[in-house]
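Since the structure comes first, as structure tokens, the remarks are kept for the end.
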Amino acid sequence: METEDILNIIRKGKGKAEIISILEDIQEKYTYLPEEALRLVAVETGCSLTDVCGVATFYKAFSLKPRGKHCVSACLGTACHVRGAETVVAEFKRQLDLEPGETTPDNEISFETVNCLGACALGPIVVSDGHYHANVTKRGVKDIIEATRAGTLGSIGGSKDRGFSFEASCPRCGRSLMDIAYPIDGHPSIRINVVTSAGTGWMRLPSHYGSFVKVLEHVVSEDALLTPLCPHCGSDLQGDFDCLECNAPMGTMNVDGGAGIISICSRKGCNGHMLTLNGATI
């Protein structure tokens, strides 16, 4: 682990308010959170090591030991359990020949079970490298494992009808914008950064179509215009057309691995939006 690499990740954050984001970036680089990295985060952000470790151990998405190249998480929460999640988990264990919390001998896949992934209505839920698979069955496990190894993930092993829920990604770098740790309306939220009159901060959006919540780090007026940015590559997410309701620029993100585009008005208080899936505008 290179100390300077960790420091560069921390410096991109905003101190205490960005602890989760900083830890996410560190884990993405190293597949886990090294002890030295946690100590550096504490020193550089001014947080106590106890607080940093508390965040790292509270969220199941974080790991304190090395993980495989890919991570597969299966939900065993009540809603998923009653829909057959135990059978799905048993099939993953059989095909991967390991127990939850372990990694395959080739260090390709780490498998874990979690208590909730914030999408109870779509269970059984499996998340592989940030890709959500809804209504997973025993027969769909093989497809998920093969796609995970091959890096060709999408809506595999689950229903294509996601109840107007969708998975968003950056149209520039292609990385997932889904935030498991911050659900909105029972579904994982979409996390982007926005530039406002109060500074640059995060914004969470619902991933369930028909919900218009906008949760911002900074307090701004309902008429404020927000410049959306990818939290990973920093690209401007503004599209090429304006909102039909208020004429403000629209922010755009890819939907379900490029199967569509979601456009959301950049004005804080406007609910203008447009969802295009497989060529059809909703």
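The values are calculated or read from the model by the stated rules, or taken from the named source; none is laboratory data. This structure is a prediction, so every number in the text was calculated from the model and none was measured. Note that we place each Cβ from the backbone using ideal geometry, even for glycine, and neighbour counts take in every protein chain shown.
Key figures for this structure:
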item	result
Matching entry among 67, 83, 94 (being part of a helix (DSSP H, G or I) and either among the basic types (Lys, Arg) or on the phi < 0 side of the Ramachandran plot (or both))	94
All positions within the range 36-57 that are part of a helix (DSSP H, G or I) and hydroxyl-bearing (Ser, Thr, Tyr)	45, 50, 57
Contacts under 8 angstrom Cβ, first residue in the range 179-196 being in contact (Cβ under 8 Å) with a residue 12 or more places away in the chain, partner surrounded by 19 or more Cβ atoms within 10 Å (Cβ to Cβ) and among the aromatic types (Phe, Trp, Tyr), 6 or more apart	188/132; 191/202; 192/202; 193/202; 194/202
Pair list, Cβ < 6 Å and 6+ apart or interchain, from the range 243-270 residues that are over 22 Å from residue 221 (Cβ atoms) to residues that are in a loop (DSSP other than H, G, I, E, B) and among the aromatic types (Phe, Trp, Tyr)	255/166; 256/166
The range 107-128, residues that are part of a loop (DSSP other than H, G, I, E, B), modelled with pLDDT under 90 and surrounded by fewer than 19 Cβ atoms within 10 Å (Cβ to Cβ)	107, 115, 116
Filtered residues of the range 239-259 (kept if surrounded by fewer than 19 Cβ atoms within 10 Å (Cβ to Cβ) and under 21 Å from the mean Cα position of the chain (by Cα))	257, 258, 259
Filter result for residue 176 (modelled with pLDDT under 90 and polar (S, T, N, Q))	no
Flag if residue 195 is under 23 Å from residue 19 (Cα atoms) and of a type outside the set (S, T, N, Q)	yes
Residue 219, sole failed condition from (1) under 30 Å from residue 58 (Cα atoms); (2) touching a residue at least 24 places away in the same chain (Cβ under 8 Å)	(2)
